[in-house]
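**Student:** I'd like to ask you about the structure that follows.
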Amino acid sequence: MLRRRLTSLLLRSPCSSSVASSYHHQQHRLLLPTHAEKPPALNLLRLFTSLAGTDGDRPFIAFVLGGPGSGKGTQCSRIASDFGFSHVSAGDLLRNEISSGTDQGEWILEIIREGRIVPSEITVELVRKAIESSTAKRVLIDGFPRCEENRIAFEKITGTEPDLVLFFDCPEDEMVKRLLSRNQGRVDDNIETIKKRLKVFESLNLPVVEYYSSRGKAHKINATGTEDEIFEAVRKLFSSLRL
Ligand SMILES: Nc1ncnc2c1ncn2[C@@H]1O[C@H](COP(=O)(O)OP(=O)(O)OP(=O)(O)O)[C@@H](O)[C@H]1O
Ligand SMILES: O=c1ccn([C@@H]2O[C@H](COP(=O)(O)O)[C@@H](O)[C@H]2O)c(=O)[nH]1
Ligand SMILES: [Mg+2]
């Protein structure tokens, strides 16, 4: 029974157009991976171990969302050092997979190069493991969940929800400017990929922010201005939390 439920959850098209607004229907079909792209050696059974049932012991979890280049990574580093959070970047976990040189890594590289979203069965498992192996009492999950399907998979598989969702709100032109001058050798820091990432962000990631907003969990931070100015707003929020 449990196995059938989980399998049907995982085999749904990753972040498919069914979760997106009809307005962006065509774009999603073009930008998202298809079943044909399933990587080799995917072991669905690994997902049966989960955070489920450990809610009382689990750390405080904050999802950190925002468009590409909105400053999630930059602000997470500062939150981590000032407020004792462990910083789990979903993008970094995926880039580590790429560095491992496996077939799955090569497949992930192509998805990132095209600005699309890696299927939940890979990302949820990486994020879940990172949370479980952290000894910190507070964890920032940077850049995840990327779409409603990611969110639902995370919540079902781990049996938990985030305590807080931070949303960095930044205008597109500012995000593009920052990404084009990031200079860290990322394969997705080019104008073609950036345009695709912005579309994916608007059509698939914003609904996640809206979902948590409707549940009173999302906090919007104005992500324009200097890093220090933005962190001042972040600091106020985190100082007001009972951690
Ligand atoms: N407030 C800011 N003003 C100007 N540049 C900034 C600001 N915050 C971050 N940056 C720079 O913008 C670039 C993108 O920032 P960062 O990597 O933190 O964004 P991100 O949201 O994590 O992006 P991605 O989703 O692509 O990982 C970096 O080069 C960073 O140094
Ligand atoms: O949950 C996730 C996180 C990331 N990706 C892919 O990685 C790139 C880069 O991610 P950053 O968090 O911005 O470093 C992103 O554009 C996606 O292609 C993902 O699929 N799922
Ligand atoms: Mg980042």
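**Student:** What's the percent breakdown of Cα-Cα distances in the range 95-243 across 10 Å bins, shortest bin first?
**Tutor:** Spelled out per bin, shortest first, that is 9, 34, 40, 17, 1.
**Student:** Could you pull out the pairs from Lys137/Lys236; Lys72/Lys177; Lys72/Lys220; Lys177/Lys199 whose alpha carbons sit more than 18 Å apart here?
**Tutor:** Lys137/Lys236
Every number in this text was worked out from the coordinates using simple rules, so none of it is lab data. Because the structure is a prediction, the values reported are computed rather than measured.
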